[in-house]
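Each remark here refers to the structure printed beneath this line.
The values are calculated or read from the model by the stated rules, or taken from the named source; none is laboratory data. Values in this document were obtained by computation on a predicted structure and should not be read as measured data. Cβ placement follows ideal geometry from the backbone for every residue including glycine, while neighbour counts extend to all protein chains displayed.
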Amino acid sequence: MSTAPIHAANPEELREVRFDAAMESQIAELLTHYPIPRAALLPVLWLCQKRYGWIAPGVMEAVAARLGLSPAYVQGVVTFYTMFHTTPPARFVLQVCTTLSCAVCGAGELLAHLRKRLGIGPGERTPDGTFQIVGVQCLGACGSAPVVQVNDDYYENLDPAKLDALLDELAAAKE
Amino acid sequence: MEPTLLKARGLEGSRTLASYLSRGGYEGLRRALALGPQEVTKSVIDSELRGRGGAGFPTGRKWTFVPKDHPGPRYLVCNADESEPGTFKDREIIEHDPHLVIEGIAIASFAIGAHTAYIYIRGEFVRWANLLEQALGEARREKILGADVLGSGYSLDIWVHRGAGAYICGEETSLLESLEGKRGFPRLKPPFPAVVGAFGKPTVVNNVETLACLPSILTRGPAWFASIGRPRNTGPKLFSVSGHVVRPGVYELPLGVTFREIIFEHCGGIRAGRKLKAFFPGGSSAPVLTAAEVDTKADFDACAEAGTMLGSGGVIVLDETVDMVEAAANLAHFYAHESCGQCTPCREGSDWLVDILHRILAGHGRAEDPDTILRICRFASQGMTICPLGDAFSLPISSIVSKFRDEFERRIAAATPAPPRKHPVLPWAGPRPGFGR
Ligand SMILES: Cc1cc2nc3c(=O)[nH]c(=O)nc-3n(C[C@H](O)[C@H](O)[C@H](O)COP(=O)(O)O)c2cc1C
Ligand code: SF4
Ligand code: FES
């Protein structure tokens, strides 16, 4: 199984967002889980990120309107958490864990290798929009350090050779 | 010891309901429903089970804090945030035995009278959230969950709620804020969640591993559970061992084994024939222990006596090659990144620590730095903050400075003065009069 690329909708498309019937029915289902609509905010944001690839201002406005919140409130929540993309992400977001167990088991080596191979470091992306590197905190998989999360998937016990094989596979992935 | 929590690890198809039922699954819930809430709570009190999430609070006692006569709903929340560095045990349970977690949630929910429960799982755990969703789907289809749990008339819904990347949301009141669709700012306690929790209603928050202990307490009895370990420190415990050991991973062992046994017997000792230097016994928020303290027993009270804590049971092992100043800087960075920013001692203190530690690493340490670090740590702990994150960085970092002060001083002795900064910032201007007195 290979990690699916993120398809980030372009900002133009997300200027004004209207949820289609499929999204509406999923949101309606989520709302049944909670006593108040606001509690569905995180799940609805996840739904949007899956659908559009990122949380554009237009998405925040649509979510706010649907849940009876202000856009500013939604933005406040979105930006508190690290996992919501507020700009269009690359197709593959490489989240390299840099916390202690990974750090002492080769995370630095992975970052150096990524720098050599892709020419980018944490906070940067390749010009073709294929890869983006993010240095992240403990991913809860320290026993198989070092760990990199690519989009939704964990890759564990990595070393530069395994990382190379992974990057080759991802770069070759079809749309 | 025969595994209880990791019984399913290595079994073919262990995640399915069929496999779980074939291993006696949901028998504990059946017994609980027959016993009634009070008897279930009594069994859990008698088992002396203490929370596996970090604080080690007696689980049965926590349940009794839920007001009996409170009108309206109450909630059970399963804490699957698992974001304490060095901890990866809840993921292991979910990976192999999601129904064990669901059964535990159902038992606890029944005991406190909740009809809705949430599993708050960290956002990164997409795969494990999906595994839980699949298992919940099976349980709903087979009428183990829903309007009539196992034909008892008791109703229960369990929903998975994904976080979105924030260590602080593992702290129970921050978690509740996040569950309510807000930023994860911890709440002042009291009131405690058992009285005013999710949506203003009485709520019990329990860790995945705590809940996973419940089915066997009901099927095998509290006396069986209490026979493992020693009084007040009973039952099996999962230890997540990471860092420089030969065989890192999750180990299920009775509370009270020594760290020597964990590190040198179960995990095969230190990698590459090197020597043990230090280890964090209970996640990165626990004060560090040195190689000389490796005979400490791994249970709540023994760790407290040794001046540290069992925490989540995440054992981070460091060998002789690790520079403890770097280790301190790495952790300071983690906590500075994860501080929610509500309290000055935590927000500013953690950033200040990062500044000082990085300055020492850059070769510009000053003689007063170790004491400044200790003072910042004193100021950010001892109840000076809304939630215990202040303690969570103060205790380990001050323990590193206290126990490995020579490493700091060696760097400082060889240091050169820092080049003047273009824009001086207060924390760089040296200790301020009155701070921390
Ligand atoms: C900063 C901080 C982070 C925490 N992170 C977690 C966590 O990731 N998982 C967890 O179960 N408990 C975590 N806790 C502990 C919870 O607040 C709470 O005590 C626990 O979930 C209660 O469950 P238990 O009684 O079963 O141990 C954390 C506490 C603090 C102060
Ligand atoms: S101690 Fe830190 S994390 Fe906790 S509430 Fe205060 S600022 Fe936030
Ligand atoms: S330190 Fe990297 S996964 Fe925990």
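Overview of results
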| quantity | calculated |
| --- | --- |
| Total residues in segment B:323-336, condition surrounded by fewer than 18 Cβ atoms within 10 Å (Cβ to Cβ) and either free of Cβ contacts under 8 Å to residues at least 60 places away in the same chain or part of a helix (DSSP H, G or I) (or both) | 1 |
| Pairs with Cβ under 7 Å, 6+ apart, first in segment B:12-36 and modelled with pLDDT of 95 or more, second assigned to a helix (DSSP H, G or I) and among the acidic types (Asp, Glu) | B:17/B:138; B:25/B:103; B:26/B:103; B:28/B:103; B:29/B:103 |
| Residue that is nearest to ligand 3 (Cβ to nearest atom) [pool: residues in segment B:40-95 that are in contact with a helix residue (DSSP H, G or I) (Cβ under 9 Å, 6 or more places away or on another chain), among the acidic types (Asp, Glu) and more than 23 Å from residue B:122 (Cβ to Cβ)] | B:48 |
| Some residue of segment B:312-334 being near ligand 2 (Cβ under 10 Å from one of its atoms) and not charged (D, E, K, R) | no |
| Candidate set from segment A:139-155 (those that are outside any strand (DSSP E or B) and over 12 Å from residue B:241 (Cα atoms)); member that is nearest to ligand 2 (Cβ to nearest atom) | A:139 |
| Odd one out for residue B:200, checked against (1) among the small types (Gly, Ala, Ser); (2) away from ligand 1 (no atom under 16 Å from the Cβ); (3) in contact with a Phe, Trp or Tyr (Cβ under 7 Å, 6 or more places away or on another chain) | (3) |
| Search result, residues across segment B:1-29 that are of a type in the set (D, E, K, R) and crowded, with 17+ Cβ neighbours inside 10 Å | B:7, B:15 |
| Residues located in segment B:293-306, provided they are without any contact (Cβ under 8 Å) to a residue 40 or more places away in the chain and of a type in the set (Gly, Ala, Ser) | B:304, B:306 |
| Long-range neighbours under 6 Å by Cβ, at least six apart or interchain, first residue farther than 17 Å from residue B:286 by Cβ within segment B:378-397, second within 13 Å of ligand 1 (Cβ to nearest atom) and of a type outside the set (Phe, Trp, Tyr) | B:385/B:343; B:385/B:346; B:386/B:186; B:386/B:342; B:386/B:343 |
| All positions within segment B:38-50 that are surrounded by fewer than 19 Cβ atoms within 10 Å (Cβ to Cβ) and not hydrophobic (A, V, I, L, M, F, W, C) | B:38, B:39, B:42, B:46 |
| Count of residues meeting criterion [in a loop (DSSP other than H, G, I, E, B), out of contact with any Gly (no Cβ under 8 Å at 6 or more places or on another chain) and near ligand 1 (Cβ under 10 Å from one of its atoms)] in segment B:57-86 | 0 |
| When residues of segment B:203-223 are limited to those that are under 21 Å from residue B:90 (Cα atoms) and among the small types (Gly, Ala, Ser), the one farthest from ligand 1 (Cβ to nearest atom) | B:216 |
| Residues within segment A:9-22 that are surrounded by fewer than 18 Cβ atoms within 10 Å (Cβ to Cβ) and out of contact with any Gly (no Cβ under 9 Å at 6 or more places or on another chain), tallied | 6 |
| Residue A:114, sole failed condition from (1) in the same structural domain as residue A:162 (by TED's automatic domain parsing); (2) over 20 Å from the mean Cα position of the chain (by Cα) | (2) |
| Flag if residue A:101 is farther than 20 Å from residue A:12 by Cα and either buried (at least 16 other Cβ atoms within 10 Å of the Cβ) or under 19 Å from the mean Cα position of the chain (by Cα) (or both) | yes |
| Members of segment B:1-17 found to be of a type in the set (Ser, Thr, Tyr) and under 21 Å from residue B:224 (Cβ atoms), listed by number | B:4 |
| Lone unmet requirement of (1) within 14 Å of another protein chain (Cβ to nearest Cβ); (2) closer than 29 Å to residue B:167 by Cβ; (3) away from ligand 3 (no atom under 16 Å from the Cβ) for residue B:255 | (1) |
| Where a residue in segment A:140-159 is among the small types (Gly, Ala, Ser) and its partner, wherever it lies, is assigned to a strand (DSSP E or B) and surrounded by fewer than 19 Cβ atoms within 10 Å (Cβ to Cβ), with Cβ under 6 Å and at least six apart | A:143/B:249 |
| Subset of segment A:61-82 that is free of Cβ contacts under 8 Å to residues at least 24 places away in the same chain and buried (at least 21 other Cβ atoms within 10 Å of the Cβ) - its residue that is farthest from residue B:341 (Cα to Cα) | A:63 |
| Yes/no for residue B:109 being within 16 Å of ligand 1 (Cβ to nearest atom), more than 10 Å from every other protein chain (Cβ to nearest Cβ) and closer than 30 Å to residue B:347 by Cα | no |
| Matching residues, segment A:104-120, being more than 13 Å from chain B (Cβ to nearest Cβ), surrounded by fewer than 16 Cβ atoms within 10 Å (Cβ to Cβ) and closer than 30 Å to residue B:288 by Cβ | A:109, A:112 |
| Residue B:397 under 23 Å from the mean Cα position of the chain (by Cα), closer than 25 Å to residue B:307 by Cα and not assigned by TED's automatic domain parsing to the domain that holds residue B:184 | yes |
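Conditions (1) within 16 Å of ligand 1 (Cβ to nearest atom); (2) buried (at least 23 other Cβ atoms within 10 Å of the Cβ); (3) within 14 Å of chain A (Cβ to nearest Cβ), marked per residue:
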residue: B:349; (1), (2), (3): yes, yes, no
residue: B:365; (1), (2), (3): no, yes, no
residue: B:370; (1), (2), (3): no, no, no
residue: B:373; (1), (2), (3): no, yes, no
residue: B:382; (1), (2), (3): yes, no, no
residue: B:385; (1), (2), (3): yes, yes, no
